[in-house]
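Read through the structure below, which is laid out as structure tokens, and then see the notes.
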Amino acid sequence: MDMSRWVVIYPVYINSKKTLAEGRRISTSKACENPTVVEIGDCCQYLKLPCAIELDKVYSRDNMQRGRVRVQLKREDESLVNPAVPSRKVLMMRVAELVGKLQSRHRKPEPTASTSGSAAPAGKSGKGGKKKR
């Protein structure tokens, strides 16, 4: 299988926190916040598109975020794998929409022991300010 003809998606392409100059490729209203390579891969599998996660690759404008996803849109005979996803732009919009709906993103954070106490820190009382002598 020749993966060199597959479409490449970096998480930066659909990140609503990035600017166009930083690499975002779709509008902020359709993008999602800080997607990961694994989430993008899960969404491609949900869309029934063959994909491969490449963790050793880095986006040239953002060296800190590692990984990219290769996705097969067309077969060898140029027919579409999924007719609902005919282009790279549609793929990015559908993936961004699905990443926002993932259950792993909507879990409520569990309360920690430090937040379930009194509101004031221990050892402090009063208004604060300078002490009179």
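Laboratory data are not the source of any read-out in this text; all were calculated from the coordinates shown. All figures in this text were calculated on a predicted structure; none of them were measured in a lab. Note: ideal-geometry Cβ built from the backbone for every residue, glycine included; neighbour counts use all protein chains shown.
Please give me, ordered by residue number, the GluC sites (Glu not before Pro) of the range 1-49 that lie in loop per DSSP and have at most 14 other Cβ atoms within 10 Å.
GLU22, GLU33
On the first, second and third principal axes, largest extent first, how far apart are the outermost C-alpha atoms of the range 3-105 in Å?
Principal extents (Cα only, largest first): 37, 27, 25 Å.
For ARG61, ARG24, what ranking results if the residue with the fewest other Cβ atoms within 10 Å of its Cβ goes first?
Fewest to most other Cβ atoms nearby, the residues stand as ARG61, ARG24.
On the Cα set of the range 1-61, report Rg and Dmax in Å, please.
So, for the range 1-61, Rg and Dmax equal 12.1, 36 Å respectively.
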